[in-house]
Amino acid sequence: MEKVLVLGGARSGKSTFAENWVRSLAEPGVVTYVATSRPAPDDAEWAERIRRHRERRPASWQTRETTDVAAVLRAATGTVIVDCLTLWLTTVLDDAGAWDDDDAVAGPAAGAADADAGAAAALDPAVEVAVDAAVAELVDAWRSSSATIVAVSNEVGWSVVPATPSGRLFRDLLGTLNQRFAAEADRAVLCVAGRALELPGRTPWPDAASGHAAATVVDGGQTGAGRAEATPGTPAPIDRDVERHAREKVDGLAKPPGSLGRLEEIGIWLAARQGTYPPRTPSRIGVTVIGGDHGVATQASAYPPAVTGAMVRTVHAGRAGISALAAAHGATVRVRDLGVDAELEDLPAEITEHKVCRGTGRIDSEDALTIDQARAAIAAGRALAAEELATDGRAAEELRAPGRPAADLLVVGDLGIGNTTVAATLIGAITGLDARKVTGRGTGVDDAGLARKTAIVAAAIERATAVRDDPEALLATVGGADFGAMAGFLAAAAEHGVPVLLDGVVVTAAALVAELITPGAAAWWLAGHRSVEPAHDAALDRLGLEPIVDLRMRLGEGTGALAALPTVRSAVAICTGMAALNDLDLG
């Protein structure tokens, strides 16, 4: 079903355009008009404006005056008009107490700098969590709804934005919300002076061999754009034509719509990323385990740092937990040392060829890496992802599989004592959560160990706050070479248009950094499982991802991702093996 975002300034005609667009639909089904403004009985002008809006709607339309827009979108099956996102965001900020007092919003003093050039306003951490959760829920409902939806919003730069902390806050949040909606929209329209301008969509990416737009297959036909030629910082486009087609096909299978739950969603998700329906069962799952040690390990872990090097050898020997699961599921596994505090010269050279350092600084009191090391780690991760996508050459020989097919589903795993401390720090810094909410027991520390670990995370978060939006500086300050490589790997996978199954809290912390490197990369990731580490839920919420399985796992290595693989294969099976409802013999 089509999703349209209509933008414009005040009195630009955007609401009228949205209503007329719905009137023009041949078969809109049940039309629901979601009015997000709250009554303002003391504001006569506002009440009159609402009255005029109500009167011009057809009597057959259902009006919902609510701010729980996500619930409406999830339940709707016909056509929905959301008018508007601007007022919805205002209500969310009201309810969160974002401008109840001077302490809720921080930023440069009013008038200190031009609003466009000034620093972004910062929310109180508790308020930010509430706002982020509301936005993530709405974007997910917009993305996954089976209804036709037209959403109206103000183009924030075309409205009056007070040069105050609250003004900058609202500007930044609405601009981000509009971008996230546009990223999932089929069309975006800009209204100016009562006229509508269709904004260009993402141009189909050229096929590397021909120079022409690549095509994707839908039930044997050709439509849409295929796998993108990688562009650093830009994720490959999702094929929305295939996604709509897949949703129609899945809804038409011999079952009540939605009765197979997440299996249906995953099948549709995979089809849109592969550019074909029915989706294909992944032919080669490539697992790359990335190792690194951390300067805080002796104070924050139940195990000594020497375990990391020993586990690199164990993975290479095919005897680790990830090795057992990979053997069961037909995945290939390789391990790479990016920052292990040991010399591993006796292992094959490719294991250490991207090594950046031996361990890191103590992130609670000093930088983990230099900025050059952080950049080198990101570049190494990109290179490792590219190797998994190669079909021949040295990368294939390393896996003892010359001529092997390119991986069409990727997993990156973590290996390193002390890495959950770093993960908690990165997640806390990026989401604004307090150390006590993101710090878990990791390898199993006792209460005293947890207290030490929490203090380390708190100090590290404080050091990282100033660079939370700069991925390279953030990795240098409180990350590590392993986290940089995982972030580069995940960003590159999205840029190349290859799906990824995410593992637990460590990999998801790296995914938050990857999202800073390549905004929108999360559209190419599925969350394999939910870790018992408390920071994991916060990171998944930030990325708008829902875990496939919850098995109380906390090992890492990529094991949680592979544990979800049978569910992914089941999702493909229903798309390929079920009869259509129309094919049933009901005579």
#### Entry: segment 168-227, subset farther than 15 Å from D239 by Cβ, modelled with pLDDT under 75 and touching a strand residue (DSSP E or B) at 6+ places or on another chain (Cβ under 8 Å), residue most open to solvent (accessible area, probe 1.4 Å)
H212
### Task
For segment 524-587, please list each of the strands (runs of 3 or more DSSP E) lying entirely inside it that holds at least 2 residues being touching a strand residue (DSSP E or B) at 6+ places or on another chain (Cβ under 6 Å) and open to solvent by less than 30 Å² (accessible area, probe 1.4 Å).
525-527
## Note on the structure
The residue from W46, W99, W61 that alone is modelled with pLDDT under 85, aromatic (F, W, Y) and surrounded by 15 or more Cβ atoms within 10 Å (Cβ to Cβ) is W99
### Query
Does segment 418-438 contain any residue that is surrounded by fewer than 18 Cβ atoms within 10 Å (Cβ to Cβ) and either closer than 20 Å to G292 by Cα or in contact with a Lys or Arg (Cβ under 8 Å, 6 or more places away or on another chain) (or both)?
no
### Query
Right, A390: under 28 Å from the mean Cα position of the chain (by Cα), modelled with pLDDT under 95 and closer than 22 Å to L490 by Cα or not?
yes
### In segment 319-328, residue farthest from K453 (Cα to Cα) [restricted to those that are of a type outside the set (A, V, I, L, M, F, W, C) and open to solvent by less than 40 Å² (accessible area, probe 1.4 Å)]
S323
### Summary
Those residues of segment 344-372 which are under 17 Å from V513 (Cα atoms), open to solvent by less than 50 Å² (accessible area, probe 1.4 Å) and of a type outside the set (G, A, S) amount to I363, L369
### Search result, residues across segment 292-301 that are part of a loop (DSSP other than H, G, I, E, B) and closer than 14 Å to T439 by Cβ
V296, S301
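The values are calculated or read from the model by the stated rules, or taken from the named source; none is laboratory data. Computed from a predicted model, the values in this text were never measured in an experiment. Because the Cβ atoms are built from the backbone with ideal geometry, glycine has one as well, and the counts that use them run over all protein chains shown. Just the protein is used for accessible areas: all its heavy atoms, side chains included, with ligands, DNA and RNA removed. Shrake-Rupley method; radii C 1.70, N 1.55, O 1.52, S 1.80 Å.
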